[in-house]
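Structure, as structure tokens:
Each reported figure results from applying straightforward, stated rules to the coordinates on display, with no laboratory input. None of these values were measured; they are calculated from a predicted model. Neighbour counts are summed over all protein chains in view; Cβ atoms, including those assigned to glycine, are modelled from backbone coordinates with ideal geometry.
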Amino acid sequence: MSYGPPPPDPNPPTPPGGDPAPVPPRPSAAPSWPAPGWPSAGPSAGPSPAGPASAGPRKGPWLAVAAAILGLIGMVLPLSPSDVNRIFPIDDTLNMRPILAFAFGLPGFVLAVLALTGRRRAVPLAVTAVTFSGFALLFGLIMVANQTM
């Protein structure tokens with residue numbers, strides 16, 4: 001749909017008794033992009049205004065996936081009904097549940113924060129991983145606080 005004046009007729013009527021008038025060339029219908037003042041997207045474009053983090057292809061979702069798995073394990077394993085001290089026999093006086101929460105929750109939190117920085121895919125999964133890891137660390141803190149009472 002065009003909002004400008006109608007284009008000239010490409011085949012004007014022939015004047016009586018003469019040759020047809022020459023048709024002037026039509027201007028290009030495509031606008032010249034980018035508009036003045038906008039950065040061009042070609043290979044000769046300078047650095048992008050967003051900085052070097054936006055340059056290049058997006059990185060994969062694997063940091064977010066690993067962080068979500070670690071956060072989920074760190075949140076579920078300390079609350080599992082199994083005897084964790086029998087599975088990981090380090091010391092009879094040491095309760096392993098808060099250690100497992102910290103051992104999986106802290107690396108999961110670090111990986112999730114790294115997955116949120118830069119130009120990466122799966123940002124919603126990284127936010128979920130931060131939540132899982134945060135709950136794992138919170139469960140670990142609550143378990144340590146209950147042991148010291």
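Pulled fully out, how much extra length does the chain show between THR117 and ASP9, if you take 0.36 nm times their separation in residues and subtract their Cα-Cα distance? Before the final figure, lay out each step's value.
On the way: separation 108, 0.36 × 108 = 38.88 nm, distance 5.66 nm.
Length gained between THR117 and ASP9: 33.2 nm.
Net charge of the neighbourhood of GLY60, taken over other residues with C-beta under 9 Å away and scored Lys/Arg +1, Asp/Glu -1, is +4.
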